[in-house]
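Have a look at the structure below, then the notes.
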Amino acid sequence: MKGVTKNRGIGGIASKRRETVRVKTAKKRSASSAAWLQRQLNDPYVAAAKEDGYRSRAAYKIIQLDESFKLIRSGMKVLDLGAAPGGWSQIAAKKIGAKGKLVALDILEMAPMPDVTILHMDFMAEEAPDRIKDALDGEADLVLSDMAPSTTGHGKTDHIRIMDLAENAALFAVEVLAPGGAFVCKLFQGGAEKSLLDLLRKHFAKVKHAKPAASRSDSSESYIVATGFRRAKG
């Protein structure tokens, strides 16, 4: 895998000039499909991911979050929820090195990756926590979640679904994290609600919202970063 190009972190890619590609609406292509394709073809992070050998543009989001919060260190035990196609796992595996352990979990199939244990299962399955701890040989130091549910197009419904997924991911992180660990989770539409914030503040020393440069400016996507995990008393 090629190394990360200098300044591919915060803003480095987005500022690189590229020739604009324009897509015409074909007979079998709707206007919305043409707009999506044009955005993909002109997205500097999509182009950079191909150049750098990453499985998705999302790799730059975790690169930038790590630059800001110093999340990933050599020798860590990391769990990547909703890992497919593997962009975040690529970055984490490289940073934790041979002494670390990484488990990538998804209900979708994911191509094999060196030094990564892939579990094809639902993280909400009853046996998931024990299987993950067995694969990591202990508790996780970092739980990553770039998961997002399928959207319906109905804003209120989609918000409820993403918040439900985020809260379940947070509850799962609390179950598998080691003291001092961290949790990173995707959110949409205005960030975390009170119930999720209360849960995270109960179990983590610091809870912050972040929007990496690789998140599209026209997207409501953001991330919540919780560090300093502690088991609640009582």
Per residue of segment 169-184, in order, report the coupling 6.51 cos²θ - 1.76 cosθ + 1.60 (Karplus, θ = phi - 60°) as ³J(HN,Hα) in whole Hz, putting x for Gly and Pro.
5, 5, 4, 5, 4, 4, 6, 10, 7, 8, x, x, x, 9, 9, 10
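Packing-wise, with mean Cβ within 10 Å as the measure, how do 70-77, 147-154, 112-119, 223-230 rank, highest first?
Working: 70-77: 17.1, 147-154: 12.0, 112-119: 15.0, 223-230: 20.0.
Going by the mean number of other Cβ atoms within 10 Å, highest first, we get 223-230, 70-77, 112-119, 147-154.
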Cα-projected label distance for Leu108 with Lys202, points at 7 Å along beta-carbon direction, nm:
3.2 nm
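Of Lys95/Lys202; Lys186/Lys211; Lys101/Lys202; Lys95/Lys206; Lys133/Lys233; Lys50/Lys99, which pairs sit farther than 20 Å apart, going by alpha carbon to alpha carbon? Let's see the in-between values first.
Values: Lys95/Lys202 29 Å; Lys186/Lys211 10 Å; Lys101/Lys202 27 Å; Lys95/Lys206 23 Å; Lys133/Lys233 22 Å; Lys50/Lys99 28 Å.
Over 20 Å apart, Cα to Cα: Lys95/Lys202; Lys101/Lys202; Lys95/Lys206; Lys133/Lys233; Lys50/Lys99.
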Any idea how far apart Val46 and His159 come out in nm if each label point goes 7 Å out from Cα toward Cβ?
2.9 nm
Under a 5 Å amide H to amide H cut-off, with H placed in plane at 1.01 Å, what residues pair with Leu102 once short-range neighbours are removed?
Val78, Thr117
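Every number in this text was worked out from the coordinates using simple rules, so none of it is lab data. Just so you know, these numbers come straight off a predicted model, no measurement behind them. Cβ atoms come from the backbone with ideal geometry, glycine included; neighbour counts cover every protein chain shown.
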